[in-house]
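S.K.: Handing you a structure now.
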Amino acid sequence: MTNVDAKPPTTSPTHLAPEGLQAHLVVDHTPFRLDITVTATPGEVLALLGPNGAGKTTALRALAGLTPLAAGHLHLDGTDLHRTPPESRPVGVVFQDYLLFPHLTALDNVAFGPRCHGATKPQARAQAAEWLARMGLTDHASTKPRHLSGGQAQRVALARALATHPRLLLLDEPLAALDARTRLEVRAQLRRHLADFEAVAVLVTHDPLDAMVLADRLIVIEHGSVVQEGTPSEIARRPRTDYVAQLVGLNLYKGTAEGHTVHLEAGPTLTTTEDLKGPVFVAFPPSAVTLYRDRPTTSSARNLWRCEVAGLETHGDQIRAALSGELPLTADLTTVAAAELDLHPGAPVWATVKATQTHAYPA
């Protein structure tokens, strides 16, 4: 198991300041073990991204105090929360299914938090009314959850979490329960609300678009460990695992560079524009791959492999071809091109990629 604490810090020096979140989360559920370091500054939105079973929700529950730590630490604004019970932590949570009280109106759902923190009923309802107004839900104050749309319920849950003025806001797959059309609208609304939040927000998601749009920084978790972290643009441009490469839609390979030539672990070589030496990653988009049924004689591409079509699927307005052979890779082409090439599973093809369309970087 990699000890992520032993890694040199990859965040800016401000992440070492007393304010904000500094946590080393170790949770041991044999055979699964979570061991990650999470830091964030006030005003920052951090996304924990990873496949199902990676440990994202376990990390969120540990931050909320719902899952005990086996080791490590949890500091928020300089205060040790390791032994603080969940109900006493300055933490707001928006659960995946929102968990609104079905017998309470939207107003009273939001007022519940302030009431638990000592506000009188009139005070709590006044605060709740302000939060519903911020969310554009004043007209739904007397509505019960079963009569709210998915987007409205999500905003009520967010208002309820924010009404207690938390120093840490946790969002567990906050858009997962929404249909595609509602998700687009609510994602934009959520981004605006998070931009106004002055404390730390941690978002758990398996959706790369949610993470890229909502977060300032990403931590990618696989098998209970951090495999990559950085800004959305850094993650998208330089993936370091197959999972991340698939998320951002790139072909990714690891090899050893000698100048412009990379000897891939998968077998063949790749020519790149970068002049590097030593272990590297090479990435390129599926759109960079050109397919031919016969070996091309006029192509200027430096990279050429004999492949076989392993599968075809619709990808937006294009066809995505999974290729096996000398170099397993993914190619995107138009439906017209796919028809002209008579592509079908088992069809032999030649694949080319120009060196100028590859991107190599140190591993």
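The values are calculated or read from the model by the stated rules, or taken from the named source; none is laboratory data. In this text, all values refer to a predicted model and were calculated from it rather than measured experimentally. All Cβ positions, glycine included, derive from the backbone under ideal geometry; neighbour counts span all protein chains shown.
S.K.: Would you check which residues across region 19-35 are in a strand (DSSP E or B) and either more than 15 Å from residue 75 (Cβ to Cβ) or of a type in the set (S, T, N, Q) (or both) and list them?
M.R.: So in region 19-35, the residues in a strand (DSSP E or B) come out as 21-29, 32-35.
Correct list: 22, 27, 28, 29, 32, 33, 34, 35.
S.K.: Taking the conditions exactly as written (surrounded by fewer than 19 Cβ atoms within 10 Å (Cβ to Cβ) and either out of contact with any Lys or Arg (no Cβ under 6 Å at 6 or more places or on another chain) or not assigned by TED's automatic domain parsing to the domain that holds residue 273 (or both)), does residue 314 satisfy them or not? Step through it out loud before you land on a result.
M.R.: Values: surrounded by fewer than 19 Cβ atoms within 10 Å (Cβ to Cβ): yes; either out of contact with any Lys or Arg (no Cβ under 6 Å at 6 or more places or on another chain) or not assigned by TED's automatic domain parsing to the domain that holds residue 273 (or both): yes.
Yes: the conditions hold for residue 314.
S.K.: Search region 19-48 for residues that are closer than 25 Å to residue 208 by Cβ and pair each with any residue that is among the aromatic types (Phe, Trp, Tyr) when their beta-carbon atoms are under 9 Å apart and the residues are at least 6 apart or on different chains.
M.R.: Note: pairs meeting the criteria are 43/197; 45/197.
S.K.: Taking region 119-142 as the region of interest, how many residues are charged (D, E, K, R) and closer than 11 Å to residue 156 by Cα? Spell out the reasoning first.
M.R.: First pass over region 119-142, keeping only residues charged (D, E, K, R): 121, 125, 130, 134, 139.
Cutting the leftovers down to closer than 11 Å to residue 156 by Cα gives us 134.
Here the count works out to 1.
S.K.: For the condition surrounded by 14 or more Cβ atoms within 10 Å (Cβ to Cβ), at pLDDT 95 or above and either among the small types (Gly, Ala, Ser) or not assigned by TED's automatic domain parsing to the domain that holds residue 160 (or both), what is the one hit in 119, 129?
M.R.: Working: 119 fails: at pLDDT 95 or above.
Exactly one residue qualifies, and that residue is 129.
S.K.: Taking the conditions exactly as written (free of Cβ contacts under 8 Å to residues at least 60 places away in the same chain and among the basic types (Lys, Arg)), does residue 160 satisfy them or not?
M.R.: Working: free of Cβ contacts under 8 Å to residues at least 60 places away in the same chain: no; among the basic types (Lys, Arg): yes.
Here the answer is no, as residue 160 does not meet what is asked.
S.K.: Let me confirm something: among 327, 291, which residue is assigned to a loop (DSSP other than H, G, I, E, B), surrounded by 15 or more Cβ atoms within 10 Å (Cβ to Cβ) and either out of contact with any strand residue (DSSP E or B) (no Cβ under 8 Å at 6 or more places or on another chain) or in contact (Cβ under 8 Å) with a residue 60 or more places away in the chain (or both)? Please lay out each step first, then the result.
M.R.: Details: 291 fails: assigned to a loop (DSSP other than H, G, I, E, B).
When all the criteria are applied, what remains is 327.
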